[in-house]
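Reviewing the structure listed below.
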Amino acid sequence: MVSEIGIVIIEYLKWFKGVIFLFIDIFYWIVFGPFKGKFSRRQSIFQQMVFVGLRSIIIVVFVDIFTGIVLAMQTAYQLQKMGAVLYVASLVAISLCRELSPVLTALVVAGRAGSAISAELGTMKVTEQIEALETMAINPTRFLVVPRFLALLLMLPALTILGNLAGILGGYLVGTGSLHINPDLYMQTTFKYLELKDIYTGLIKSFAFGMIIALIGCYEGLNTRGGAEGVGKATTRSVVISFILIILVDCIITAIFYFSKI
Amino acid sequence: MKIREEKLNDAVICILEGEININNSPDLRKAFDGLIKRNEKKLVVDFSGVSYIDSSGLATLIEMFQRLKKIGGALRFSNMEQKVKNIFEVTKLHKLFEIFDNREAALKDF
Amino acid sequence: MSVKECKAESIISLRNVSKFFQGKTVIDDVNLDIYCGETFVIMGCSGSGKSTLLRLMTGAIRPDKGSVALKGRDIAKISSEELDEVRKTFGMTFQYSALLDSLNVEENIALPLREHTQLAEEIIKIIIKMKLSLVGLRGYEEYYPSQISGGMRKRVGLARAIALDPEIVFYDEPTSGLDPVVGGVIDKLIKDLSVKLMITSVVVTHDMHSVFEIADRISMIHKGKVVEVGTPEDIRNSKNEYIRQFINGSPSGPIDFFREDIGMEDVLDL
């Protein structure tokens with residue numbers, strides 16, 4: 001029993017070490033790669049940005065609009081009792097920008113792009129494509145991981161901003177349509193209480209989430225073992241681990257902001 | 001690799017020396033670019049000092065051949081060692097190019 | 001197209017090489033010399049360790065004991081940057097061709113050229129055409145690996161392996177899973193490249209027909225050990241029981257399909 005627990009712990013530590021090493025490797029190639037004249041090709045970064053970003057727009061907008069709507073209705077239910085329905089506007093905007101939009105967008109992208117990354121890299125691993133790259137003296141981290149990492153790092157915050165807007169639109173629909181708040185007044189209230197720091201704390205979160213999704217997706221993909229079944233396992237693992245880490249890191253960052261009064 | 005150019009009437013003789021490989025074939029290409037810019041149309045490449053040519057060197061020659069053909073010029077080779085000739089034969093390029101034993105034969109009715 | 005000076009010395013030499021995986025000995029004290037310009041075939045059953053041997057030579061895995069020298073440099077001891085420099089001088093083809101699915105035929109072959117050289121795009125395009133015509137696949141530039149047959153993929157893999165005019169090409173099961181005709185085409189390609197361009201070829205295979213077709217020298221591997229090294233003639237006339245069984249493909253002999261150490265006794269214990 002004890003030895004089994006020991007084995008599990010060692011496995012976790014090994015996994016953690018692997019992820020950290022990959023992270024260091026990515027930074028090495030991003031920071032020192034350009035000096036060696038060996039940076040990832042711009043074309044493949046753009047390709048990944050299109051895949052991660054552009055193709056996720058619809059689903060992100062969809063999720064955040066409905067979250068905005070639900071949020072508006074739920075808060076209206078409470079605020080009506082206090083006769084403060086107008087504050088639905090600021091409540092929706094702030095909670096979306098600070099919390100819901102970064103997290104939900106990250107979860108959606110982890111489910112969509114993160115899983116696709118591990119499936120793609122996992123397939124490449126089991127069909128010897130990764131080994132082929134290495135034998136051609138092409139570093140897989142530079143060639144495959146860095147473009148995906150940069151694409152997620154840039155596109156997730158962009159998607160989050162879009163999600164913010166979509167969520168506010170959702171709240172606006174409920175506020176003006178169902179709660180009969182004057183449209184101008186609704187927008188005024190929204191921006192009266194929404195501060196710049198609410199937006200950038202959300203964006204800082206989404207930067208961190210982007211790194212998590214890319215790192216876990218790539219690590220699980222590159223460490224796939226054992227044929228098609230292994231690819232399936234890697235994909236599932238990458239989504240589950242990303243979800244857990246996103247929630248965990250969200251909690252940590254929120255706590256930091258809370259206690260440092262940002 | 002060394003590149004030397006000689007002008008003879010309206011033809012240019014390009015004398016190559018050493019090994020043509022992936023590192024120096026861009027230099028050869030640059031030299032060819034210069035010839036095209038000076039509107040030279042008749043070119044003989046003298047291989048007497050060439051010990052080895054790789055794919056990038058062959059590709060550079062093919063490109064020059066196409067460019068000269070487009071402007072109505074011609075590219076001929078001379079003084080090729082058997083070893084280098086073999087490379088042309090393996091890639092079946094000897095049928096595409098005009099290869100002569102020596103410079104005089106290459107320059108005849110150019 | 002490397003018709004280079006070939007000295008009569010070993011271009012690859014393995015000295016007392018051993019490799020263990022999870023306590024099991026996969027390669028057991030192997031000594032091998034492969035000479036410049038020859039076609040060297042490593043044959044053996046599945047699981048004999050022949051693919052591991054190939055990966056030791058390419059630096060994909062490092063030996064636990066002994067040294068693997070390519071052109072006099074011990075690739076087990078050099079840094080990964082130096083290993084990359086060595087890797088640019090050899091090519092490798094894979095059992096399932098290992099072309100990048102996201103790139104088409106042209107981009108696959110162009111990959112090493114674009115990554116490692118400063119050649120102009122026009123020159124790269126011409127080189128690709130030359131390599132494709134060498135493997136008989138002109139006109140397939142725009143196809144993706146998923147759109148062509150297994151045999152074609154292997155030939156594209158070969159074109160990619162020779163894109164940088166390597167001195168050595170490693171072939172991992174070049175004819176497995178192909179019909180006899182395409183297998184013959186690949187054999188001829190390997191032979192051609194080796195004879196005309198003086199490329200040193202190291203071929204791992206268990207296709208007996210292909211072995212005698214292409215080999216200058218053959219080594220037989222069994223349970224991580226070199227059983228015998230010799231010319232095709234030596235091997236054909238060998239008295240060694242392992243080799244006789246392998247050539248004849250007989251189920252009984254010293255190469256035991258059923259493991260003796262695990263008999264049927266445990267069935268009775270149930």
Checklist entry - Can you give the helix-only mean residue ellipticity at 222 nm for chain A, where every DSSP H stretch with n ≥ 4 adds -39500 (n - 2.57) and the sum goes over all residues, rounded to the nearest 500 deg cm²/dmol? => result -27000 deg cm²/dmol
Next on the checklist: Sort A:L248, C:L100 by heavy-atom solvent-accessible area, probe 1.4 angstrom, most to least.
Outcome noted: A:L248, C:L100
Item to check | Other-chain or far-sequence residues with amide H under 5 Å of C:Y35's (modelled H) | outcome: C:I11
Checklist entry - So what does C:R236 come to for accessible area, using a 1.4 Å probe and Å² rounded to 10? => result 110 Å²
Item to check | Sparsely packed GluC sites (Glu not before Pro) within the range A:179-237, loop by DSSP, other Cβ within 10 Å at most 13 | outcome: A:E195
Checklist entry - What residues have an amide H closer than 5 Å to that of C:K65, excluding those fewer than 5 places away on the same chain, when H is modeled at 1.01 Å from N in the peptide plane? => result C:S18
Checklist entry - A:K36 accessible area, nearest 10 Å², 1.4 Å probe? => result 100 Å²
Item to check | chain C: projected area of the alpha-carbon convex hull, averaged over directions, in nm² | outcome: 17.0 nm²
Checklist outcome for this item: Those residues in the range A:135-171 that give up at least 20 Å² of accessible surface, probe 1.4 Å, once the partner protein chains are present instead of the chain by itself are A:T135, A:M136, A:A137, A:I138, A:R142, A:F143
Checklist outcome for this item: For the table B:K41/B:K108; C:K24/C:K223; C:K71/C:K129; C:K24/C:K77; A:K38/B:K30; B:K92/C:K131, the rows whose alpha-carbon distance is greater than 19 Å are C:K71/C:K129; C:K24/C:K77; A:K38/B:K30
Checklist entry - How about A:K197: which lysines have a C-alpha closer than 26 Å to its C-alpha, ignoring those fewer than 8 places off in the same chain? => result A:K205, A:K261
Next on the checklist: I'd like the accessible area for C:H206: 1.4 Å probe, protein heavy atoms, all chains in place, Å² to the nearest 10.
Outcome noted: 80 Å²
Next on the checklist: How many Å² of accessible surface get buried when C and A come together, counting both sides, probe radius 1.4 Å, rounded to the nearest 100?
Outcome noted: 1700 Å²
Checklist outcome for this item: Heavy-atom accessible area with a 1.4 angstrom probe orders A:R42, C:R217, most exposed first, as A:R42, C:R217
Checklist entry - Ballpark to the nearest 100 Å², how much total accessible area do C and B bury together, probe 1.4 Å? => result 1600 Å²
Next on the checklist: Could you sort C:E122, A:E128 by their accessible area in this structure, using a 1.4 Å probe and putting the largest first?
Outcome noted: C:E122, A:E128
Checklist outcome for this item: Tilt, helix C:150-161 to longest principal axis of chain C (alpha-carbon atoms), in degrees rounded to tens, equals 70 degrees
Checklist outcome for this item: Taking every residue of C:111-121, the Cβ atoms of other protein chains inside 10 Å of its Cβ average out to 5
Checklist outcome for this item: Spelling it out for C:K225: with amide H atoms placed in the peptide plane at 1.01 Å from N, the residues 5 or more places away or on another chain with amide H under 5 Å from its amide H are C:D28
Checklist entry - For the protein assembly as shown, with every protein chain kept in place, what is the accessible area per residue (1.4 Å probe, Å²)? => result 48 Å²
Item to check | Relative contact order [Cα under 8 Å, 6+ residues apart], chain A, whole percent | outcome: 31 percent
Next on the checklist: Taking all protein chains in place and a 1.4 Å probe, what share, in percent, of the accessible surface of the protein assembly as shown do carbon and sulfur account for?
Outcome noted: 59 percent
Item to check | P(r), alpha carbons of the protein assembly as shown - 20 Å bins starting at zero, rounded % | outcome: 16, 38, 29, 15, 3, 0
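The values are calculated or read from the model by the stated rules, or taken from the named source; none is laboratory data. If you're wondering where the values come from, they're calculated on a predicted model, not measured in any experiment. Neighbour counts run over all protein chains shown; Cβ positions are idealised from the backbone, glycine included. Each accessible area value is taken on the protein alone, full model and side chains, heavy atoms only, with ligands, DNA and RNA left out. Shrake-Rupley method; radii C 1.70, N 1.55, O 1.52, S 1.80 Å.
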